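The values are calculated or read from the model by the stated rules, or taken from the named source; none is laboratory data. Keep in mind it's a predicted model, so treat the numbers as computed, not measured. Here the Cβ positions follow ideal geometry from the backbone for every residue, glycine too, while neighbour counts run over all protein chains shown.
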Amino acid sequence: MKKMIIPAIIAKSQEELENNINKVKDFVDLIQLDFMDGKFVPNNSIDFDFELPETDCLFEAHLMVNDPVKWTDKYHKKVDIILAHFESMDKPSKVIDFVRSKNKKVGFVLKPETPVSAIEEYLDDLDQVLIMTVIPGFYGSPFLPEILDKISELRKLKPNLNIEVDGGVTDKTIGLVDKAGANMFVSGSYIVKSDNIKNAIETLKKIIL
């Protein structure tokens, strides 16, 4: 399975969004955009009518919002992959079907406390699963090593599934996540706040490839 390093972008304004995308776009194929509504998580990010700069990168939307269907209906044309938190859904199948109806890839996101068993019945219908290794909503939250077992459990259940991990992914933790079975590695502050973004990404790649 292809392994990928994916920068995560948090932004409070259009200017900050463009600046952060422009910092990373030349070094990766996929960028994660973190959308927070201040309700599902106690923070706000890209909670405005955003525009994305021209780039060859694909974009995935990590929806930390209370209503993923409403968000998808409004903004789906701007992104390629929609990742919705399982905890935000009353009817998970409805979310999958709605995202598919917009011709977008769909994944579920699990908070640290949500077990893999909660989404087991939906796994055949998903393109990927994002496992949070921090409490979502902030840059720089501490990595939770107890989540590694969850990654391994999911890999055993679905050997060919794209398993993505987000939260506290640095040069100190990415090897652990890789060994546990993930193949997509989201890193926010380690990359975006680095003095040398290209070197930060290359350092992570060398550990997993």
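Residues of segment 67-87 being part of a helix (DSSP H, G or I) and touching a helix residue (DSSP H, G or I) at 6+ places or on another chain (Cβ under 6 Å), which ones? Before the answer, list the steps.
Kept after step one, since they are part of a helix (DSSP H, G or I), are these residues of segment 67-87: 68-78, 86-87.
Residues satisfying the conditions are Pro68, Val69, Thr72, Phe86.
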Residue under evaluation Val109, criteria (1) without any contact (Cβ under 8 Å) to a residue 24 or more places away in the chain; (2) closer than 23 Å to Met1 by Cα; (3) not in a loop (DSSP other than H, G, I, E, B); (4) not charged (D, E, K, R), criterion not met: (1)
Expected output for segment 119-137 (first residue touching a residue at least 40 places away in the same chain (Cβ under 8 Å) and within 16 Å of Ile82 (Cα to Cα), partner part of a strand (DSSP E or B) and of a type in the set (S, T, N, Q), Cβ below 8 Å, 6+ apart or cross-chain) is Asp127/Asn162; Gln128/Asn162
Are there any pairs with C-beta distances below 8 angstrom linking a residue in segment 83-99 that is more than 18 Å from Glu120 (Cβ to Cβ) to a residue that is in a strand (DSSP E or B) and of a type in the set (Lys, Arg), with the two at least 6 apart or on different chains, and if so which? Val99/Lys105
For segment 96-115, what are the residues that are buried (at least 18 other Cβ atoms within 10 Å of the Cβ) and either touching a Lys or Arg at 6+ places or on another chain (Cβ under 6 Å) or farther than 17 Å from Ala182 by Cβ (or both)? Ile96, Phe98, Val99, Lys104, Val106
In segment 173-190, how many residues are within 18 Å of Lys23 (Cα to Cα) and assigned to a loop (DSSP other than H, G, I, E, B)? 1
Total residues in segment 124-172, condition assigned to a strand (DSSP E or B) and either over 15 Å from the mean Cα position of the chain (by Cα) or surrounded by fewer than 18 Cβ atoms within 10 Å (Cβ to Cβ) (or both): 0
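So which of Leu63, Leu58 is crowded, with 22+ Cβ neighbours inside 10 Å and within 22 Å of Asp127 (Cα to Cα)? Reasoning before the result, please.
On the way: Leu58 fails: crowded, with 22+ Cβ neighbours inside 10 Å.
Criteria check complete, one pass: Leu63.
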For segment 90-98, check the following and say yes or no: at least one residue is at pLDDT 95 or above, within 30 Å of Lys172 (Cα to Cα) and touching a helix residue (DSSP H, G or I) at 6+ places or on another chain (Cβ under 9 Å). no
